[in-house]
Amino acid sequence: MEKEPIAKSYEPKDVEPKWYQYWEENDLFKPTAASEKSPYCIVIPPPNVTGTLHMGHALNNTLQDILCRYKKMAGYNVLWQPGTDHAGIATQNVVERDLAAQGTDRHAVGREQFIELVWEWRKKYGGLIINQLRRLGCSCDWSRERFTMDEGLSRAVKEVFVRLYEEGLIYRGDYIINWCPRCHTALADLEVEHQDQESHLYHIRYLLEDGTGHLIVATTRPETLLGDTAVAVNPKDERYAHLKGARVMLPVLNKPIPIIFDRYVDMKFGTGALKITPAHDPNDFEIGNQHGLERIKVIDDNGIMNELAGPYEGMDRFACREKIVADLKTEGLLEKIEPYQNAVGHCYRCKTMIEPILSKQWFVKTAPLAKDAADAVRDGKTHIYPSNWEGVYFDWMDNIRDWCISRQIWWGHRIPAWYCGACGEITVAKTTPTKCVHCESRDLHQETDVLDTWFSSALWPFSTLGWPDKTPELNTFYPTAALVTGFDILFFWVARMMMMGIHFMGDIPFKDVYIHALVRDAEGKKMSKSKGNVIDPLVIMDEHGTDAFRFTLAALAAQGRDIKLSEETILGYRHFVNKIWNAARFVFMNLDDHVDDHDAAPSKAKPATLADRWILTRIGQVSGEVARAIDDYQFNEAAGLCYQFVWHEFCDWYLEMAKKELYGEDPVLKDAARNTVREALGASLKLLHPFMPFVTEEIWQRLPGTEGSIMSAAFPKPSDFPKDEEALKEMAFLMGTTTGMRNIRGEMNLPPSMNVNSAIDTVNTEEIACLQKNSEYFKILAKVKNLTIGSGLPKFATFATTVFGNATIYLDLKDLDFEEEKKRIRKSIAKVEKDLKASEKKLSNPGFLDKAPDDIVAEVRAKAETLSAKRDKLANNLSVLENING
């Protein structure tokens, strides 16, 4: 079957949808549960069902796709498991906003109908992010797409909850939680965003009950003193040793509370006396437990002072603060107010200031689970890349607190617990019970809270593969091979998957964890809508093509270093796509009259020339280096190797050299060159495919001798290619001397059309033999008319020279207009010196150095250094011309 001719230019919008459809229709993303190939599985970090593709998604999924496509080509049975997260709070907020726009709310429509509305929203909009991942080229097995609230995953969630409860690892109890008065839900510690802000430190007098004096207590939250049940001092603090057994009067409410002694109190903070509010501070809660203090909750779930707040009942918490400070002043109990900067917690969703409050919540005892999860990394069962994140992981795991898993919202996995109206006990079950397991009463009502979204996400590596059933997929693909994720969810998600995976599967959930960095703007600033510096990946793919965008992300993805992304960089790699396309067009033009049946497989390349021997050897070397880099998660190094080889070695050197045989008359050399360019292009496409799937498939499908998709082609291996050390040595010398000659031409401003005479003088006989054998290559590449090779050669009357190794390279300058060239150089020097003087003037100005941002000063300093180097080079070129003999 005749293959389609290649178009003159590459148009991504015409190519990308076609090949993605082809891959899906031919089941190229699907693995087999039973295969002789080694399994390789990645589970996608499930994007929120509310999400749209942003730069973080683009980087994360590009890197995963590189791994999956590479591993498939390397002979693995690859599963990239896709799916989305129900994103409890985020999704509920979206639907609630829709209801608010209609003049109603979830309470008015009721829980059951509200849940139906969320499911309808998910059905209508939930596939948006999935289609955008397809646009990116993601090779997920979409036939296995999962949702954290689908039937199978819901069953897994219930199974895990019940087992943990029966093992005593899930409990319900009083606890200080991070409460969002806006979202009406508890937040895990890591869901609280701490923001530094200017505040005040209020110094308040607590009068001793016996009237002999007072203690001064410093606090940033005077409204919570209404819930104080003690004042604590350090037992080593001699200032208060005489107050054992004493009590103070609680300001405003005027009731006695004890003075207690506890080592937790910092003697250096404030006066060393600390108010204890067990119902509104996590540290006070722990101190209160140790001393048996009463817990008095004075702020309700809406952030309003309740009936226990006395005269302040019904006031907003912040209004209460102002009123209570005024009352303390009136009563002479406010010692002073100091400015104070502290980190205040806010809800990560709605940015409302969180309120630590006492509440009945469900918790997972994490310490027993965390030890095994930490040991798995310490023992090398799971590796974290870059390794510096292991320290952060250990710090979290070794100091872990119990995990609050209940959320006071409606959208999510409803907790499978039922309260008995008769005996007050709790029944926990996988299915709805008909009677209480304690007293057999049928008066049961289910817990209204839902589970934290991260609870279901923690089961993702095994629940998506069919657990709790023993499926073939679970047997084949668990533990998974790698997880690619951002550092911001290392504890939210990664650590919890480690805990759950080891506990329920008896094995780690993944062997490697690769933590990628942030994508920032070109100046290194975090992208945000408010700054107007957001780069939209969908717009970029429309304008420059998906391949250029993906390759850019990979090329910049150095371990442990944030990506500074600019549209100019992406445009640069769009030029790389064009370079590949034009190279393919050149190859096809020289194969058209050589292979009549384009589907026939040409013979294996038999290199006949230095160029052929060298390029095939280099493919073998580079393929090994690229494979090693990808295996080590050095994505930028792998992309850099591909770029350097394809652009500079294959296109700039090899194809230029191959023209000699391709355009020549020797049928044997021409046939060998054609086979080699075909094989070299095919290998280059395979090296590039994991990074640039679309353009490589488009070219591959037109390359003689190919069958099927490039996705199914074998990734090049060093053992597939010859290892010709002599060719590498000869080519290195030829490239060095050619580059030397090109540099002279550039410095002397000789146009490419000017063919000049040259000579290379060397005492090394091997170098002389190499040059004599390959002199035609040198003349083509260096654009010289005649080449004289030997030792002790006579010099040209007018010449420029450079040295490479043992060889001295001479370029005859007799055709150069010396006076005109000297005039051009002097003009260039004058312009450079003018620009340099302007930069130096700025750098000598103390006002500029003091006031300008550091990055601007560094930019000006770098510019000055570049201009200075350019001036020196021009001056040297001028000196050469002025001292030329003749």
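Would you point out the residue of region 854-872, among those that are at pLDDT below 85 and loosely packed, with under 15 Cβ neighbours inside 10 Å, that is nearest to Lys822 (Cα to Cα)? It comes out as Asp855.
In region 544-582, what residues are open to solvent by 50 Å² or more (accessible area, probe 1.4 Å) and of a type in the set (D, E, K, R)? Those that are open to solvent by 50 Å² or more (accessible area, probe 1.4 Å) and of a type in the set (D, E, K, R): Arg561, Asp562, Lys564, Glu567, Glu568, Lys579.
Of all residues in region 520-564, those satisfying the criterion of being small (Gly, Ala, Ser) and more than 13 Å from His54 (Cα to Cα) are Ala522, Gly524, Ser530, Gly532, Gly545, Ala548, Ala554, Ala555, Ala557, Ala558, Gly560. When Ala769, Ala759 are checked against the criterion of being aliphatic (A, V, I, L, M), assigned to a helix (DSSP H, G or I) and without any contact (Cβ under 8 Å) to a residue 60 or more places away in the chain, a single residue qualifies: Ala769.
Name the residues in region 387-419 that are touching a residue at least 24 places away in the same chain (Cβ under 8 Å), out of contact with any Ser or Thr (no Cβ under 6 Å at 6 or more places or on another chain) and of a type in the set (S, T, N, Q), would you? Listed by number, the residues that qualify are Asn388, Ser406. The residues in region 317-334 that are crowded, with 16+ Cβ neighbours inside 10 Å and not in a helix (DSSP H, G or I) can be counted, and the count is 2. If the condition is being free of Cβ contacts under 8 Å to residues at least 60 places away in the same chain, open to solvent by less than 80 Å² (accessible area, probe 1.4 Å) and either farther than 24 Å from Val539 by Cβ or of a type in the set (Gly, Ala, Ser) (or both), then region 6-25 contributes only Ala7. Of all residues in region 94-107, exactly one satisfies the criterion of being touching a helix residue (DSSP H, G or I) at 6+ places or on another chain (Cβ under 8 Å), hydrophobic (A, V, I, L, M, F, W, C) and more than 17 Å from Gln408 (Cα to Cα), namely Leu99.
The number of residues in region 425-462 that are under 30 Å from Leu474 (Cα atoms) and among the hydroxyl-bearing types (Ser, Thr, Tyr) comes to 5. Of the residues contained in region 610-619, one or more are found to be under 31 Å from the mean Cα position of the chain (by Cα), surrounded by 15 or more Cβ atoms within 10 Å (Cβ to Cβ), within 25 Å of Lys659 (Cα to Cα) and modelled with pLDDT of 95 or more. Scanning region 463-492 for residues that are of a type in the set (Phe, Trp, Tyr) and touching a Pro at 6+ places or on another chain (Cβ under 7 Å) yields Phe477, Tyr478. One residue stands out among those in region 449-464 that are hydroxyl-bearing (Ser, Thr, Tyr) and assigned to a helix (DSSP H, G or I): the one that is farthest from Glu112 (Cα to Cα), which is Ser463. The single condition among (1) under 19 Å from Pro693 (Cα atoms); (2) open to solvent by 40 Å² or more (accessible area, probe 1.4 Å) that Gly640 does not satisfy is (2).
Considering each of Met499, Met541 in turn, give the residue that is open to solvent by less than 10 Å² (accessible area, probe 1.4 Å) and either closer than 20 Å to Val160 by Cα or assigned to a loop (DSSP other than H, G, I, E, B) (or both).
Of the residues listed, the single one that is open to solvent by less than 10 Å² (accessible area, probe 1.4 Å) and either closer than 20 Å to Val160 by Cα or assigned to a loop (DSSP other than H, G, I, E, B) (or both) is Met499.
List every residue pair whose Cβ atoms sit under 7 Å apart, with the two residues 6 or more apart in sequence or on different chains, where the first one lies in region 138-166 and is on the phi < 0 side of the Ramachandran plot and the second, anywhere, is among the charged types (D, E, K, R) and open to solvent by less than 30 Å² (accessible area, probe 1.4 Å). That search, which allows pairs on different chains as well, returns Cys138/Asp65; Ser139/Asp65; Ser139/Arg69; Thr148/Asp85.
For region 64-74, check the following and say yes or no: at least one residue is under 29 Å from Ser406 (Cα atoms) and in contact (Cβ under 8 Å) with a residue 60 or more places away in the chain. No: zero hits. Candidates in region 502-516 are the residues that are open to solvent by less than 20 Å² (accessible area, probe 1.4 Å) and assigned to a loop (DSSP other than H, G, I, E, B); of these, the one that is nearest to Lys371 (Cα to Cα) is Ile508. Selection within region 157-172: residues that are open to solvent by 10 Å² or more (accessible area, probe 1.4 Å) and not basic (Lys, Arg). The member of this set that is nearest to Pro356 (Cα to Cα) is Tyr171. So Thr185 fits all but one of (1) over 29 Å from Pro339 (Cβ atoms); (2) surrounded by fewer than 19 Cβ atoms within 10 Å (Cβ to Cβ); what number is the exception? It fails just one condition, (2).
Considering only residues that are over 25 Å from Asp521 (Cβ atoms), small (Gly, Ala, Ser) and at pLDDT below 95, which ones fall in region 562-602?
Ala600, Ala601
Determine whether Lys851 is surrounded by fewer than 11 Cβ atoms within 10 Å (Cβ to Cβ) and basic (Lys, Arg). In short, yes.
Restricting attention to region 750-777, and to residues there that are under 19 Å from Trp614 (Cβ atoms) and in contact with a Lys or Arg (Cβ under 9 Å, 6 or more places away or on another chain), which single residue is surrounded by the most Cβ atoms within 10 Å (Cβ to Cβ)?
Checking each candidate, the answer is Cys770.
For Ala830, only one of the following conditions fails: (1) modelled with pLDDT of 90 or more; (2) closer than 30 Å to Lys660 by Cα. What is its number? Of the numbered conditions (1) modelled with pLDDT of 90 or more; (2) closer than 30 Å to Lys660 by Cα, the odd one out for Ala830 is (2). When the residues of region 359-373 are filtered to those that are crowded, with 22+ Cβ neighbours inside 10 Å and not in a helix (DSSP H, G or I), the one that is modelled with the highest pLDDT is Val364.
Here's the yes/no breakdown for (1) assigned to a helix (DSSP H, G or I); (2) basic (Lys, Arg); (3) buried (at least 21 other Cβ atoms within 10 Å of the Cβ):
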| residue | (1), (2), (3) |
| --- | --- |
| Lys72 | yes, yes, yes |
| Gly75 | no, no, no |
| Gln92 | yes, no, yes |
| Ala100 | yes, no, no |
| Ala108 | yes, no, no |
| Ile130 | yes, no, no |
| Arg134 | yes, yes, no |
| Cys138 | no, no, yes |
| Arg155 | yes, yes, no |
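Of Trp700, Trp653, Trp647, all but one fail to be at pLDDT 95 or above and over 31 Å from the mean Cα position of the chain (by Cα); the exception is Trp653. Of everything in region 788-803 that is open to solvent by 30 Å² or more (accessible area, probe 1.4 Å) and at pLDDT 90 or above, the residue that is nearest to Leu728 (Cα to Cα) is Ile789. Of the helices (runs of 4 or more DSSP H) lying entirely inside region 650-749, the ones with 2 or more residues being of a type in the set (Val, Ile, Thr) and open to solvent by less than 40 Å² (accessible area, probe 1.4 Å) are found at 667-688, 693-700, 725-747. Among the residues of region 34-70, those identified as of a type in the set (Val, Ile, Thr) and in a loop (DSSP other than H, G, I, E, B) are Ile44, Val49, Thr50, Thr52. Checked against (1) at pLDDT 95 or above; (2) surrounded by 15 or more Cβ atoms within 10 Å (Cβ to Cβ); (3) not in a helix (DSSP H, G or I), Tyr175 meets all criteria but (1).
The values are calculated or read from the model by the stated rules, or taken from the named source; none is laboratory data. Note that this is a predicted model, so its numbers are computed, not measured. Because the Cβ atoms are built from the backbone with ideal geometry, glycine has one as well, and the counts that use them run over all protein chains shown. In case anyone asks, the SASA skips ligands and DNA or RNA and just uses the protein heavy atoms, side chains included. Shrake-Rupley method; radii C 1.70, N 1.55, O 1.52, S 1.80 Å.
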